[in-house]
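Down below is the structure, laid out as structure tokens.
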Amino acid sequence: MNKDNIQQGIPSFDNVVCPICKSQKYLNPNMKILVSPCFHKMCESCINRLYTHGAAPCPICKTILRKTYFVPQTFEDLYVEKEVQIRKKVGKYFNKRLEDFGGDLRQYNDYLEEVEELSKYFIILFFFIKNYRNQLVSIF
């Protein structure tokens with residue numbers, strides 16, 4: 001990581017290579033790398049080329065994607081990226097506050113523990129399904 005970016009809290013990922021066009025961020029510092037919902041990295045120019053006319057399959061896993069689905073990578077580790085995304089989705093539905101439990105801290109903490117367990121199960125399930133799917137794709 002770039003020293004200036006570390007101080008600013010911005011990941012740089014200087015050694016990233018686009019798997020489609022094989023361009024390197026190190027050689028082309030202006031290249032923007034984005035991440036798909038299936039967690040495959042691509043440069044912005046490849047994304048523009050592949051998804052200009054609407055939905056198309058991911059060149060790596062064949063998941064149907066749109067240009068708008070791609071987002072900048074926040075964390076260097078894509079597993080952390082997915083975990084944060086899953087936790088945000090769980091948090092949208094399980095968002096009770098202490099006031100919702102009449103101020104009963106014990107009930108609220110029990111609720112938070114259940115939400116944490118649920119988040120862990122979703123994370124494990126996601127990675128299990130992704131791994132199993134990849135194994136099936138490689139067989140067929």
Let me know the charge dipole size of the chain about its Cα centre in debye, to the nearest 20, where only the beta-carbon of Lys, Arg (+1) and Asp, Glu (-1) is charged.
840 debye
Expected 222 nm ellipticity per residue - DSSP helices of 4 or more, -39500 (n - 2.57), all of the chain, to 500
-15500 deg cm²/dmol
For Glu44 paired with Lys89, estimate the spin-label separation in nm (one decimal), with each label point 7 Å from Cα along the Cα-to-Cβ line.
2.7 nm
Which three extents, in whole angstrom, do the alpha-carbon atoms of the chain cover along their principal axes, largest first?
56, 46, 27
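Once the Cβ-Cβ distance between Thr63 and Glu113 is put in as r, and R0 is 22 Å, what FRET efficiency do you end up with, to the nearest 0.05?
Result of the calculation: an efficiency of 0.10.
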The relative contact order of the stretch 11-140, taking Cα pairs under 8 Å that sit 6 or more residues apart, comes to a percentage of 15 percent
Taking Cα atoms only, helix 78-93 is inclined relative to the longest principal axis of the chain by an angle, in degrees rounded to 10, of 40 degrees
Straight-distance crosslink candidates among lysines, where the alpha carbon sits under 23 Å from Lys120 and sequence neighbours closer than 8 are dropped:
Lys82, Lys88, Lys89, Lys92, Lys96, Lys130
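A short reminder: the numbers here are calculations on the coordinates, not readings from a lab. This one's a predicted model, so the numbers in the text were calculated from it and none came from an experiment. Heads up, the Cβs are rebuilt from the backbone with ideal geometry, glycines too, and the neighbour counts pull from every protein chain shown.
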